[in-house]
1. Between residue 477 and residue 141, what length comes free when the chain is fully extended (0.36 nm per residue of separation minus the Cα-Cα distance, one decimal in nm)?
2. Restricting attention to segment 341-444, which chymotrypsin sites (Phe, Trp or Tyr not before Pro) occupy a DSSP loop and are surrounded by at most 16 other Cβ atoms within 10 Å?
3. What's the angle, to the nearest 10 degrees (0 to 90), between helix 543-553's Cα axis and the longest principal axis of the chain?
4. With the cut-off at 1.5 for a/c, could you classify the chain from its C-alpha gyration tensor as rounded, prolate or oblate?
5. Just from its helices, what would the mean residue ellipticity at 222 nm be for the chain, if runs of 4 or more DSSP H residues each count -39500 (n - 2.57) and the sum is divided by every residue, rounded to the nearest 500 deg cm²/dmol?
6. Count the net charge of all other residues whose Cβ sits under 12 Å from the Cβ of residue 229, scoring Lys and Arg as +1 and Asp and Glu as -1.
7. In whole percent, how big is the carbon plus sulfur part of the accessible area of the chain, probe 1.4 Å, protein atoms only?
8. Roughly what would the spin-label model give for residue 693 and residue 586, points 7 Å off Cα along C-beta, in nm?
Amino acid sequence: MSNSEQNTSQSKSQSGNGGEGPIRIPEHCPALLLNDVLVFPNTIVPLAISSPAMITMINDALASHRVVAAFSRAQSPRSDKPEDQFYSVGTAAHIMKMFRMPDDSIRVLIQGMVRVKRLEILKTDPYLQVKIQPLPIPRESTIQIEGLTRTIVGDFSKYAEENALPDEVRIAVHNIADPGALADIVASNLNLSIGEKQQILEENPLESRLALVATHLSRELELLKIGTEIRGKVEKELESNQKEYYLREQLKAIKRELGEESETSAEISDFEKRIVEAAMPAHAAEAAKKELDRMRVMSVSSAEYSVSRTYIEWLVSLPWSKASVDELNLLQAERELDEDHYGLNEVKTRILEFLAVRKLKHDNRGPILCFAGPPGVGKTSLGRSIARSMNREFVRMSLGGVRDEAEIRGHRRTYVGAMPGRIIQSIRRVGVKNPVIMLDEIDKLGMDFRGDPASALLEVLDPAQNFTFSDHYLDVEFDLSSVFFITTANDIGLIPGPLRDRMEIIEIPSYITDEKVQIGIRYLLPRQIEEAGLKTSNLTINEDGMRAIIRGYTREAGVRKLEQKIGAICRKIARSVAEGKRRRVTITSKSVSQYLGPAPFAEDGLPESPQIGVSLGLAWTPVGGEILVIESTSMPGSGKLQVTGQLGEVMKESAQIALSYLRAHSVEMGISEESFVKFDVHLHVPEGAQPKEGPSAGIALASSLASLLSKKAVRNDMCMTGEITLTGNILPVGGIREKIVAAARRGISTIVMPKANEKDLFYVPEHIKSRLKFHFVHDLDQALKLTLKPITKGRQRSEN
């Protein structure tokens, strides 16, 4: 169905049809569904109908009461049901005339009579028939309604004049005495959406409907006013530009007659000279000269002239052949890495190996390095150190939150304000073609309708392709093979697979406490002393004091928070020195609280003696290792297992596996079957506000449950880690370095861990390994013999 433009005129009576007598509104009548048209009472609307079903409906209506219920289709239907396809409030309309067209379609003229509400759908075939109820016609008259009526009549006169509406419409509005009819006719002539018109049609009472019409009318007048102002400004600007163009043309003609140089020739001559000096490749020089030839015939005042000038400016300012000289001195690089970073020996070794290959192999192709690790462990500063050791410029590009492909490849010159991508911008800024570019936070790239930046980076980070990198703005190839790309990420799992395959991942682990102590004393403290304007003689923090800050005031994998706390102490000392109160301060573990207040982080106490059902597990967190206290108890019940402490699904499954293994081997372990049938077991891991997940607590969970069911205590000087299977095998786990450091820090003497993790002790500092005793186990039976011990009399704990 196609709908012609809606025309409006005042109806002669609420239920009349222009002198043919009153029309009765039937209770059951056909429904006329309209697209993008809404019929108000007191208005006449022409319609074009081509649907056979609708034509049949019109013929049937003409043969009976000549009344249809006109409903507008819903803009956002809630479902596919017929009742949700159109609004529930419409208008009962009288079919005034019908004309048959040569193409078998019809034209009808309908007159809206009264608002009606759809009560139910009677049938849908061959056309829609509904049961309707006319809505009451409000007849109230208040001072508010009279005020709104006058406002609408006055504003509509201005609106009709601005939109050149027919005079009969304006006259009709002025002569309407019924406020309801006034609202209908004014609303039908406003440029509103179907949803807004439907809102007016449904609005009740009359005062609210008039207020809604007045609001929309006022908004339309304001929009017309703004449009008129914009039109005036545009016309004025066009006149000004035209005048300027004529004056410039006259000026050029005068200069030509006098034999003087044209205004653009000096600029073009300068560009010609710079194109030669830039030593561009042939294809780039050709593109620049072609654009320069276009500039010669352009008017300086034209928009295209400035676009071309900006493009050539970018081409001639890029370092096509300018590069810094590499100084690949491995001893110097090692010294600079050691000066800037404490520890990270494996990472430094891998970087030096990479630089050694670059020195021996004179081409620039090789893997892209990706430093992966938690925040604050020195990923960005490692990139700076590499650039300094190679005597290269360093550029850092943060990719966090980048969602537009044009950020990488640039915009095409057809767009207003187009620019090259950030990679080309960075190379132009540093002035050499071989900088070290660090793409920071590559795991936080976004993607939306503007493109996928990760896909654009595939060409950039592929040494086999990036020597022909094409920026959308430049539209010529630029060689990126000399650029040393380094990326950083917190979670490599978030990097798309094809992009991750192009990079060599170097894992940077979190710092252990001893490493943080040395970093704080050697690097952070001197930097913060300088930031605070102090001298090294004004402040000293000994190792115990630094360790107290780390353990009591920070919880992090890196050292950012530690530097903030040291900075806070330095500022307090700076104030004391400025006031002349103190000249030299030494911070110890006892005096830290005087400057930083009570420690927000305190390590919970561990069991002082072996207990039944209480075991110690080891966990890895992004801020380091932690000890988990696992508790279990039993009570009369039906053999259910309840697990609390905000444990993840994998950890819950580990607890269920441990219980199933113990029940399967209850005879060997001396556990009665009644313990599994007549008692419920409750297993809890304290610090319930912290989510816990992973399979590495399997041995600890099994030890706690085995202790509870066998009445044997778990050693309180022993921690354990390892995944268990249903057959009792012990599988390897991760985070061994951090877990062992956490156990040593808390005074644990013995650690039980999988045999397959014995190789990971290579990464644990020797002074920490010497303080611990390790037991490497293959199966759960072997582990339980080490973790459980018979409880001494007088220390036995009740089952509950």
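The values are calculated or read from the model by the stated rules, or taken from the named source; none is laboratory data. In this text, all values refer to a predicted model and were calculated from it rather than measured experimentally. Counting neighbours? That spans all protein chains shown, and the Cβs are built from the backbone with ideal geometry, glycine included. Surface accessibility is based on the protein's heavy atoms, side chains included, excluding ligands, DNA and RNA. Shrake-Rupley method; radii C 1.70, N 1.55, O 1.52, S 1.80 Å.
1. Roughly 113.3 nm would be gained on extension.
2. On the way: sites: 342, 354, 371, 394, 415; in loops: 342, 415.
Hits after loop and neighbour filter: 415.
3. Helix 543-553 sits roughly 40 degrees off the main axis of the chain.
4. On the way: a/c = 2.66, a/b = 1.43, b/c = 1.86.
Oblate shape, in that a/c is at least 1.5 and b/c is the bigger or equal ratio.
5. Working: 28 runs with 330 residues, N = 800.
The per-residue figure over the chain is -12500 deg cm²/dmol.
6. Numbers: positive: 225, 231, 233, 236; negative: 222, 235.
Local charge sum for residue 229: +2.
7. Values: 19890 of 39810 Å².
Solvent-exposed carbon and sulfur of the chain make up 50 percent of the total.
8. 4.8 nm
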